[in-house]
1. Using 0.36 nm per residue of separation minus the Cα-Cα distance, give me the extension gain between Asn250 and Leu470 in nm, one decimal.
2. With each label point set 7 Å from Cα along the Cα-Cβ vector, what nm distance links Asn113 and Ser194?
3. Under a Cβ-Cβ cut-off of 11 Å, what is the net charge of the residues other than Phe352 that fall near it, where Lys and Arg count +1 and Asp and Glu count -1?
4. Counting only other residues whose beta carbon sits under 10 Å from that of Phe429, what net charge do I get with K and R as +1, D and E as -1?
5. What ranking, highest mean first, results for peptides 131-143, 345-357 when packing means the other Cβ atoms within 10 Å averaged over each residue?
6. Give the dimensionless ratio obtained when the Cα radius of gyration of region 405-486 is divided by 2.2 N^0.38 Å.
7. Ile248: net charge of surrounding residues, Cβ under 14 Å, Lys/Arg +1, Asp/Glu -1, itself excluded?
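Derivation of every value follows stated rules applied to the coordinates shown; laboratory data play no part. Model, not experiment: these values are computed from the prediction. Please note: Cβ atoms are built from the backbone with ideal geometry, for glycine as well, and neighbour counts cover all protein chains shown.
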Amino acid sequence: MKRLLFTISFVFFSFPLIAQESNPNFFHDLSGFEDSTGTTQLFYRLYEPKNRICSYQEDGQTYTTNINPYKNHIYHLNTELNSDSVILRDYVQLSAFCQEVPYKIESYIFVDNKVTKPVAIYESIYGLSGNATLETYDENIFQIGIANPLGLSYQKSTNSLIVTSPIYEILIKAVSGYDATLKKTYRFPLNQDSLWNEKSYYDDYPDSLLIDFSVLGIVDYDDEIFIGFKDSSLVLSYDSGDTSEVIIDNFFEKYSMLDVSFEPLIIPPSKVFYLRNKANYIGNGITSDIIRVKRFVIFDGYVWEDDELLENSENKRISIDYSNPDHLYLSDTTKVFFSEDYGENRQEILEFEAEVTGLYKKPDSDILYVLTKTDLYKVENGQPTSIKQVPVSNEDTPEIPNAVSLKQNYPNPFNPTTTIQFELDKSTFAKLTVFDVLGRKVRELVNEIRPAGTNTIEFNATNLASGVYLYRLEANGVVQTKRLTLIK
């Protein structure tokens, strides 16, 4: 079934004039893993609001509007080198006519716990048009649709990505004469480039690689065990999603989780696991629920029960000590708690001046990393030491990329115009060309020296036929190519 995209276009006649206001930055969303050398690799977001007043002209009249083209980049900190840098970019850019165009990372992982192998789902909504795009470290891309994807996991045994679409958003496939069927999870074999190249959109995907429930995550020690939602129930699958069993009925209705994203934190041998709200922390008052799901043995088998940890609290975080899986670290606003019985009993161990926005416990050690809005702390032997402070300046300094990069066009699919961005690490000659799938040049968009930074080009395909096209950037000895889809 083809999905229709609608776009509202406004025509103005001047570029925006921007006045900056000062707003505080803050840290949030800490995660991490141990690499093959035992070094802790940490990842966190830095939210930088850029509130402005934007002015534009139309028919001789000047109009102003308040905008917030914020940055919410993901930073990587190597704890051994004590060096950090932006590894994934999340931001809202400003169009030529005072319209905010988000480029938001909904989910990201690192294949095989390798920093060099990021996979991310980018979401962008612009007017009434939008899409979510899966992009891998080797530049394979796949259009998911307008979405708030619930899950992004890696199955090592099959070298596949397991990507979950929204609960109630998208009808993936429907068979004529039958009730509509929701196919909610995709398998993406990373070693099948032909599949990526042939399938550019979610409604053109083989049934053999679809799973009929929403997979939230995979058990680390046995990656054939999937946890997810089917209809409103919580389910487990022991055969990589081919079949599933309900462990808790009406789970969705109980916790009213229609608009939040959860991921599982799993303890071997799967006697207890946790569902944690992983919604991006932007603004105040976002509740990050933590649900504990525990298996109890009864006379004729076992039963699963669920409850909420820190039920009357908000902005909660959790980290499991996987070397001692009954040990938990929990935070509630400014306080950090420790439990050694799966959260049944807790004791306060730390309190900070700023709100806690992330926790990561290093296994086989007494090291705990605590992220607050203002600092990243390394807690060792119970003593916190600040190793990173949030930037206090909010000046809008130009951000020069460190490499040549070609971005995915937006919107995509499009009709008849789309925007293409590319980044240059220095002022250099650049060539941006559009080809058809047979390699024939159909349009030359750039053929000149372009400045360092982000360059934005509009591509109008009014006179072209519907179909898949390629666009190629050549700059500073680098050649990069991506695909775009024109639908009329």
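1. Length difference between fully extended and current span is 74.6 nm.
2. In this crude spin-label approximation the distance works out to 3.5 nm.
3. Taking every Cβ under 11 Å from that of Phe352, the sum is -2.
4. Spelling it out: positives minus negatives among the neighbours equals 0.
5. Per-residue Cβ counts within 10 Å, averaged per peptide and sorted highest first, yield 131-143, 345-357.
6. In units of the 2.2 N^0.38 Å rule of thumb, it is 1.03.
7. -3
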